Amino acid sequence: MKALRHILAVLTLIALTGVAQAADCPRIISQSPYITRALEWLGRVDCIVGVSRYDLLPLPHTGGVMDPDRAAMEDLEPDVVIYSEWTKAEAAQSATPPTAQALRVGGFRGMNGVEAMLLEVGRAARVADIDQRIARFAADWRAAARNVPSRQRRVLILSACGKAPYSFGKGTTLHEVFTAAGFEVVADHDNVRNFQPDTPNGDVAGWIAGRQPDILFALQDRKAESCNPAIAKPGIPILPLTGEYFTHPGPGLLKGLDELRQTMADYGN
């Protein structure tokens, strides 16, 4: 009888622990891949029950960034749905089940925005030490930027692949990151400029030549078979970087800065 009581006590403790863990892990729908990456970094990937159609996780899809699918979300019974700021507030409100919290996060307009995004996602995911994690992230990315041997070179940051490349200018997260690393980003525009082919302002090669950068950083898409040849026309050194480290705001920027440091070290040699 005593042994039976002991077994029952152990089973009860296991059950109560499971309930506590379940309560501590909200059911989350991630409506953008960069939000999923943030949750992975925070150790909360097991809390995700649904993702957008652009995500690689093998989970139920809940529509896209611009067109979230309410019916798919309701089937998953989420506690919180985390949207990108690119999802309009009205669309997020309309798609979110009434029993769930809707959260829209940014991260594309500077590192303060990236840190705020990680903080908001962490709090929604009930990460106990989120404030300390964000403080460490802030210190880590600044330290990584200082370790890049930039030599104050004039640079441009462009997507390299596709028919319509785009440049990162003032006000973007990448402009701030590369400036913190000691480069002079010589883009003459704010935010992101898209170069559409066969338009009056679509001559990306002429624009690059006019800006006279010392280096062009080309953010490469791993899936692309070849990159836009127009970018190479000015004859300016092109240094490729892994696009996904830089175009998804969040902890991947640490990998991007490490790659940037190594790229510049190799270029200097």
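The values are calculated or read from the model by the stated rules, or taken from the named source; none is laboratory data. Since the structure is predicted, the reported quantities are computational estimates derived from the model, not experimental observations. Cβ: placed from backbone, ideal geometry, glycine included. Neighbour counts: every protein chain shown.
Looking at Arg123, Arg70, Arg104, Arg53, just one residue is of a type in the set (Lys, Arg) and closer than 29 Å to Lys170 by Cβ, and that residue is Arg104. For Val148, state whether it is buried (at least 16 other Cβ atoms within 10 Å of the Cβ), hydrophobic (A, V, I, L, M, F, W, C), modelled with pLDDT of 95 or more and touching a strand residue (DSSP E or B) at 6+ places or on another chain (Cβ under 6 Å). No: the conditions fail for Val148. Contact map, region 101-127: residues that are modelled with pLDDT of 95 or more paired with residues that are part of a strand (DSSP E or B) and of a type in the set (Phe, Trp, Tyr), Cβ distance under 8 Å, separation 6+ or inter-chain. Pairs shown: Ala102/Tyr83; Leu103/Tyr83; Arg104/Tyr83; Val105/Tyr83. Candidates in region 89-126 are the residues that are in contact with a Ser or Thr (Cβ under 9 Å, 6 or more places away or on another chain) and charged (D, E, K, R); of these, the one that is nearest to Arg44 (Cα to Cα) is Arg104. In region 179-190, the qualifying residues are those that are touching a Ser or Thr at 6+ places or on another chain (Cβ under 8 Å) and free of Cβ contacts under 8 Å to residues at least 60 places away in the same chain, and the one that is surrounded by the most Cβ atoms within 10 Å (Cβ to Cβ) is Phe183. Somewhere in region 50-70, is a residue among the polar types (S, T, N, Q) and touching an Asp or Glu at 6+ places or on another chain (Cβ under 8 Å)? There is at least one residue in region 50-70 that is among the polar types (S, T, N, Q) and touching an Asp or Glu at 6+ places or on another chain (Cβ under 8 Å).
Looking only at residues of region 28-44 that are of a type in the set (Ser, Thr, Tyr) and part of a helix (DSSP H, G or I), we find that the one that is surrounded by the fewest Cβ atoms within 10 Å (Cβ to Cβ) is Tyr34. Name the pairs: first residue in region 253-269 and under 16 Å from Ile238 (Cα atoms) and touching a residue at least 60 places away in the same chain (Cβ under 8 Å), second residue assigned to a helix (DSSP H, G or I) and aliphatic (A, V, I, L, M), Cβ to Cβ under 8 Å, at least 6 apart or on different chains? Filtered contacts from region 253-269: Arg261/Ala144.
Within region 86-94, is even one residue surrounded by 15 or more Cβ atoms within 10 Å (Cβ to Cβ), within 25 Å of Asp221 (Cα to Cα) and not assigned by TED's automatic domain parsing to the domain that holds Glu259? The answer is yes, given that some residue of region 86-94 is surrounded by 15 or more Cβ atoms within 10 Å (Cβ to Cβ), within 25 Å of Asp221 (Cα to Cα) and not assigned by TED's automatic domain parsing to the domain that holds Glu259. Counting the residues of region 90-138 that are over 19 Å from Pro33 (Cα atoms), assigned to a helix (DSSP H, G or I) and charged (D, E, K, R) gives 4.
The residue that is surrounded by the most Cβ atoms within 10 Å (Cβ to Cβ), among those in region 45-68 that are in contact (Cβ under 8 Å) with a residue 12 or more places away in the chain and either over 18 Å from the mean Cα position of the chain (by Cα) or outside the structural domain of Pro33 (by TED's automatic domain parsing) (or both), is Thr62.
Condition check for Ala143 on (1) of a type outside the set (Lys, Arg); (2) assigned by TED's automatic domain parsing to the domain that holds Leu254; (3) surrounded by fewer than 17 Cβ atoms within 10 Å (Cβ to Cβ): one failure, at (2).
Yes or no, residue by residue, for (1) under 18 Å from Thr242 (Cα atoms); (2) assigned to a loop (DSSP other than H, G, I, E, B); (3) of a type in the set (Lys, Arg):
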{"position": "Ala144", "(1), (2), (3)": "yes, no, no"}
{"position": "Val148", "(1), (2), (3)": "yes, yes, no"}
{"position": "Arg151", "(1), (2), (3)": "no, yes, yes"}
{"position": "Gly162", "(1), (2), (3)": "yes, yes, no"}
{"position": "Val177", "(1), (2), (3)": "yes, no, no"}
{"position": "Arg193", "(1), (2), (3)": "no, no, yes"}
{"position": "Pro197", "(1), (2), (3)": "no, yes, no"}
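Within region 142-196, the set of residues being among the polar types (S, T, N, Q) and farther than 21 Å from Ile236 by Cβ comprises Asn147, Thr173, Asn191, Gln196.
Output the residue which, of all residues in region 64-84 that are in a strand (DSSP E or B) and β-branched (Val, Ile, Thr), is nearest to Met117 (Cα to Cα). Ranking the candidates gives Ile82 first.
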